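*Asks:* Once you've had a glance at the structure underneath, I'll fire off some questions.
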Amino acid sequence: MNQDSPSPQSAIPLGFSAYEAIRHRLPSSNRRGGCGQAVHLGEIADGFDTVLVDAFGVLNRGRAPIPGVPERIRDLQASGKRVMVVSNAAGFSHATLMARYQSLGYHFDTDDVVTSRKTLVRQLEAEPARHWGIIAGQQFGPEEFPPLDYRLLGDDIRDYDAVDGFLFVGASEWSAARQRHLIKSLTANPRRLLVANPDLLAPQEGGNSIEPGTHAHQIQDETGVEPAFYGKPFANIFELALERLGPDIDRDRTLMVGDTLHTDVLGGLTAGIQTALVTRTGVLADMDINAAIESSGIRPDWILDQA
């Protein structure tokens, strides 16, 4: 999971059930992993050349690194393995994320951090010119985006009615009142809605934060407008990451490591790569993991205590 909100909010109850409720809107995969057991990545690293890691719940929880993981990532890199971050953290600029990972004790090349933000940017290069309404925090950082005609949306409903489409980049300053403005405007005049973070929630030190995916699914439920999602578990972000690995990448020796079944594992299975679910440091930490796997039918190749 990834996070666009700097401060935790009260998460939706039973977040796992919330993902199951929107399962029909997620990709599907017929592949089922074997659910092998290991304590951490170091125990299974010999089987892989490339490791793709989620950030929140895998590398860190809130502003703190998960103990032991920075050292393990460094060991993987020192052994010649390529480690890439594949994250739905769309609300912050690439430079901000690079600085954050370094402060947490991680060192990644700039091309080895692939985010749903970059996936959205690629899509925008193919979109016709529009006057966009952007939903994002003040840390939005438009410099990475192609030249856009846009306005940041706030509390004035007239701004919602004045735009030709919507980009939901981050939820750090979103509110129930603004959500009602957006729903009202889209009900009266349906328009394109692009969502740069499909996550429903993200783990923080003090709980979980509500993420753009939660708001986007409510919008679809109430307006009938179908959002276009960019990020895990959808194919677009995996296509971008795998492109960076080159045409000769061996998918059987490429591992996606994450803390959610419905985004990280499902996305990895759909992309045809190996998958590992971490169970003690992310959003599933308080769940019966076997029951979650049985209920969802999403079976990772590996189950780890932590990365």
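The values are calculated or read from the model by the stated rules, or taken from the named source; none is laboratory data. Model, not experiment: these values are computed from the prediction. Backbone-built Cβ (ideal geometry, glycine too); neighbour counts: all protein chains shown.
*Asks:* How many residues are surrounded by fewer than 16 Cβ atoms within 10 Å (Cβ to Cβ) and touching a helix residue (DSSP H, G or I) at 6+ places or on another chain (Cβ under 8 Å) if we restrict to region 123-155?
*Replies:* 9
*Asks:* Same structure, new question: Scanning for something free of Cβ contacts under 8 Å to residues at least 60 places away in the same chain and within 26 Å of I66 (Cβ to Cβ), does region 236-255 turn up at least one residue? Let's see the steps before the verdict.
*Replies:* At the first step, the residues of region 236-255 found to be free of Cβ contacts under 8 Å to residues at least 60 places away in the same chain are 239, 242-243, 246-248, 251-252.
Narrowing the set further to residues that are within 26 Å of I66 (Cβ to Cβ) leaves 242.
Yes, region 236-255 contains at least one residue that is free of Cβ contacts under 8 Å to residues at least 60 places away in the same chain and within 26 Å of I66 (Cβ to Cβ).
*Asks:* Now a separate question. Report, by residue number, each residue of region 178-234 that is touching a strand residue (DSSP E or B) at 6+ places or on another chain (Cβ under 6 Å), within 21 Å of V114 (Cα to Cα), of a type in the set (A, V, I, L, M, F, W, C) and buried (at least 23 other Cβ atoms within 10 Å of the Cβ).
*Replies:* The answer is V195, L201, A202, F229.
*Asks:* Moving to a separate point now. Name every residue in region 65-89 that is more than 20 Å from the chain's Cα centre (by Cα) and part of a loop (DSSP other than H, G, I, E, B), in order of residue number.
*Replies:* Of everything in region 65-89, those that are more than 20 Å from the chain's Cα centre (by Cα) and part of a loop (DSSP other than H, G, I, E, B) turn out to be P67, G68, S79, G80, K81.
*Asks:* In region 149-193, which residue that is among the β-branched types (V, I, T) and touching a His at 6+ places or on another chain (Cβ under 9 Å) is nearest to A89 (Cα to Cα)? Break it down stepwise before answering.
*Replies:* Taking region 149-193 first, the residues among the β-branched types (V, I, T) are 157, 163, 169, 183, 187.
After this cut, where a residue has to be touching a His at 6+ places or on another chain (Cβ under 9 Å) as well, the list is 157, 163.
Values: I157: 27, V163: 25 Å.
Of everything passing the filter in region 149-193, V163 is nearest to A89 (Cα to Cα).
*Asks:* Can you tell which of V163, V169 is surrounded by 14 or more Cβ atoms within 10 Å (Cβ to Cβ), touching a strand residue (DSSP E or B) at 6+ places or on another chain (Cβ under 7 Å) and more than 27 Å from A202 (Cα to Cα)? If you could, list the steps in order and put the result at the bottom.
*Replies:* On the way: V169 fails: more than 27 Å from A202 (Cα to Cα).
Within the list V163, V169, the selection yields V163.
*Asks:* Would you pick out the residues in region 243-270 that are outside any strand (DSSP E or B) and buried (at least 24 other Cβ atoms within 10 Å of the Cβ)? Walk me through it before giving the result.
*Replies:* Start the filter on region 243-270 by keeping residues that are outside any strand (DSSP E or B), which leaves 243-253, 259-270.
Matches in region 243-270: D259, T260, L261, H262, T263, D264, V265, L266, G267, G268, L269.
*Asks:* In addition: Does region 17-45 hold any residues that are among the hydrophobic types (A, V, I, L, M, F, W, C), at pLDDT 95 or above and in contact with a helix residue (DSSP H, G or I) (Cβ under 8 Å, 6 or more places away or on another chain), and which are they?
*Replies:* I22, L26, C35, L41, A45, listed by residue number.
*Asks:* If you go through region 183-197 one residue at a time, do you hit one that is of a type outside the set (G, A, S) and under 13 Å from the mean Cα position of the chain (by Cα)?
*Replies:* If we filter region 183-197 for residues that are of a type outside the set (G, A, S), which is where we start, we get 183-184, 186-187, 189-195, 197.
Okay, now just the ones that are also under 13 Å from the mean Cα position of the chain (by Cα), so 195, 197.
Taking every residue of region 183-197 in turn, at least one turns out to be of a type outside the set (G, A, S) and under 13 Å from the mean Cα position of the chain (by Cα).
*Asks:* Every residue in region 271-307 that is part of a helix (DSSP H, G or I) and over 21 Å from N88 (Cβ atoms), please.
*Replies:* The first filter runs over region 271-307 and keeps only residues part of a helix (DSSP H, G or I), leaving 271, 289-296.
Within region 271-307, I289, N290, A291, I293, E294, S295 meet the criteria.
*Asks:* Is it true that N88 is surrounded by fewer than 23 Cβ atoms within 10 Å (Cβ to Cβ) and closer than 21 Å to F238 by Cα?
*Replies:* no
*Asks:* Continuing with the same structure: Kindly establish whether G231 is assigned to a loop (DSSP other than H, G, I, E, B), of a type in the set (G, A, S) and closer than 30 Å to I183 by Cβ. Steps first, answer last, please.
*Replies:* Working: assigned to a loop (DSSP other than H, G, I, E, B): yes; of a type in the set (G, A, S): yes; closer than 30 Å to I183 by Cβ: yes.
Yes.
*Asks:* Hey, another quick one. Please verify whether T96 is surrounded by fewer than 20 Cβ atoms within 10 Å (Cβ to Cβ), within 25 Å of P198 (Cβ to Cβ) and within 18 Å of the chain's Cα centre (by Cα), treating the condition exactly as stated. Full working, then the answer.
*Replies:* Numbers: surrounded by fewer than 20 Cβ atoms within 10 Å (Cβ to Cβ): yes; within 25 Å of P198 (Cβ to Cβ): yes; within 18 Å of the chain's Cα centre (by Cα): yes.
Yes: the conditions hold for T96.
*Asks:* In the list Y101, Y106, which residue meets the criterion of being of a type in the set (S, T, Y), in a loop (DSSP other than H, G, I, E, B) and either on the phi > 0 side of the Ramachandran plot or at pLDDT 95 or above (or both)? Before the answer, list the steps.
*Replies:* On the way: Y101 fails: in a loop (DSSP other than H, G, I, E, B).
One residue alone meets the criteria, Y106.
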